[in-house]
1. Would you kindly state how much longer the chain becomes between H53 and E212 on full extension, computed as 0.36 nm times their sequence separation minus their alpha carbon distance, in nm to one decimal?
2. Ranking D60, D82 by Cβ neighbours within 10 Å, fewest first, what do you get?
3. Sorting M252, M344, M425 on the 10 Å Cβ count, fewest up front, what's the list?
4. Straight-line reach only, C-alpha to C-alpha below 19 angstrom: list the lysines that K590 could link to, leaving out same-chain residues fewer than 8 apart.
5. Can you classify the stretch 150-210 as rounded, prolate or oblate using the Cα gyration tensor, where a ≥ b ≥ c are the square roots of its eigenvalues, rounded means a/c under 1.5, and otherwise it's prolate if a/b beats b/c and oblate if not?
6. Provide Rg and Dmax in Å for the stretch 339-428, with only Cα atoms included in the calculation.
7. Give me the Kirkwood hydrodynamic radius of the chain, using the inverse of the mean 1/r over all pairs of distinct Cα atoms, in Å to one decimal.
8. Would you please give the residues with an amide H less than 5 Å from that of H277, counting only those at least 5 places away or on a separate chain, with H modeled from the backbone geometry?
Amino acid sequence: MADKTLSGEVFYPTEDAIRQAHVKDWDKMREEAERDLEGFWAKEANELHWFQHWDKVLDDSKKPFFQWFVGGKTNIVYNCLDRHAETARRNKLALLWEGEKGEFRSFSYFALRREVCRFANVLKSLGVKKGDRVTIYMGRVPELPIAMLATARIGAVHSVVYGGFTVEALAERIEDSQSKLLITCDGAYQRGKIVPLKQIADEAVQRAGTIESVLVVKRTGEPINMEQGRDLWYHELMALPIANGGCQIEVMDAEDPLYMLYTSGTTGKPKAILHTHGGYMVGTYTTLKYVFDIHEEDRFWCAADPGWVTGHSYIVYGPLLNGATSFMYEGAPTYPYPNRWWQMIEKYGINILYTAPTAIRGLMRFGEAWPNRHDLSSLRLLGSVGEPINPEAWKWYHRVIGKGRCPIMDTWWQTETGMFMITPMPCVPLKPGSGTRPFPGVKMDILSEDGKPVKPNEEGFLVIKTPWPAMLRTLYKDPERYVQQYWSKYPGMYMTGDSARRDEDGYYWVIGRVDDVIKVSGYRLGTAEIESALVSHHAIAEAAAIGLPHEVKGNAIHAYVMLKAGQQKTDTLVEDLRQHVSKELGPIAKPEHIEIVDSLPKTRSGKIMRRVLKARALGQDPGNLTTLEE
Ligand code: PRX
């Protein structure tokens, strides 16, 4: 219940929010979870279906390689689809979709299971087996979740690559995962234009060299190249008799891999985070149920892209596990007009909207008149994720979109965590800009460089002290890096890579990344990726990328480049470089600003000191420079 003694600006929960909330007293829930962590998660897991019950909830004997629900047999897809399709929920809408051009498609649980089974049969006919990796590179169309679920149904492992990435990013991810099958679309609509997904895929497939078949979903109908013997149309295969009938579900070990998702890290290549069937299922099911307080009649809209973890956990798996109706929209929030989102909330009666601060700031710029033209009274809860939300944006979202009655769930989590970690629930008092406190059963702390908890309101490194079911199990093919990257700074603790402070009420305030990861419009990019795209240009010898504050995007990329000997600075070089990065990695990675410099600040061992560049750009003191080479 609301504690009326909190300090600072506090928004107390409404009577309505408390009345219908699954959780009315989160302190009690937290105490229970602390008293018996395994019992807490076992109770949630027991609400789902297991082909065979687990022997042990948590095995920490090989930490940090934790195992959850050891000995249990399940399949997350059974719990997403079959569990509902065999009950009264069979005719309930599982997935609602609107295309950018205004088309509408919907699938009941029964229909979604049928489509997934048909596609799973197609995958089997192409020789896909348990444990095989399948790369999915698509626009935001219903066939994307269908492809994910079909892959998982037969025990294969999906690797979804965000449709906004381009050639190099895709090629690298295909090659690293050694996928033989790629599922893509002929193109994707984005702001009325067509993104040539198949053309990008063709180039990436050529660079990667592991792909044997490419399955193409027709979305735009524009002419594309179809390579004989390699490329196949989705709709043609789905019309064949091999697609017909049900598809026996693969019984999976709780710890069998479900998917891998590449994310940017501190150094080198993007790494593949590995999630499993059992623990991930329990974590996403539980967190969505309690945080967004899912009820039978809810229409839940997570406006992220399915190609990022937010979409995996909270467009696809979490909502379906809960038997909710998940809404998905193909296009941009402001296309063709800035009321597009508000129009859809009114049209479909959306109850819960979950989005990113960058989208809120972007929409805020167009003023209140756009949302005010629409009836948003169906909304009950709002959510935010991806980066810290600035209090002005929080208050605008709360007042203009939520009309002052919808609590905002500011959820902090990561690709690695799989599920919400620091998050409010509808029954708790909120402070704009704070994600409040860790989810019950999750213990976190903020430490100084030497590993001591910092005092209230002091900044430090954010760490996680207890294992949680949806945690990543390892980095694909790189267990050493998993240990080194996450578990070595402070023994026994998971290092998030973020800095944060905790106020006198125990509320957490995440400040941002402390490593070489830049959050651009909530998307996670590594400085290493951007720099390697820059140096792949013929004129560039060395490059450094940093993030600087940006009003809408949160951070924008600024790059510093050194030319190769003999290369001249031309009028078009900077623009050429920006286009080059966009072509290699994708438009989201395109630097805002590029400066050609004669030297870059480096340590004596040759590491670029991005912190010095950042301080200079911000007019701040660069701090300790004793390791600087020159
Ligand atoms: O820096 C934190 C920021 O996003 C990072 C994780 O990025 P990614 O793996 O792409 O996952 C994003 C969506 C789960 C974190 O290390 N971040 C995420 N949510 C928040 C946040 N920062 C502040 N507040 C949040 N609510």
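1. Numbers: separation 159, 0.36 × 159 = 57.24 nm, distance 3.80 nm.
Extra length from H53 to E212 when fully extended: 53.4 nm.
2. Values: D60 13, D82 19.
Lowest count first: D60, D82.
3. On the way: M252 24, M344 21, M425 27.
Listing M252, M344, M425 from fewest to most nearby Cβ atoms yields M344, M252, M425.
4. K193, K269, K519, K553, K614
5. Values: a/c = 2.32, a/b = 1.36, b/c = 1.70.
Oblate.
6. Expressed in Å, the Cα Rg and Dmax of the stretch 339-428 come to 12.9, 40.
7. 25.2
8. Residues meeting the amide H criterion: D256, L258.
Readers should treat all values here as calculations from the given coordinates under stated rules, not as data from a laboratory. Small disclaimer: the values here were computed from a predicted structure and weren't measured. Here Cβ is always computed from backbone atoms with ideal geometry, including for glycine, and neighbour counts include all displayed protein chains.
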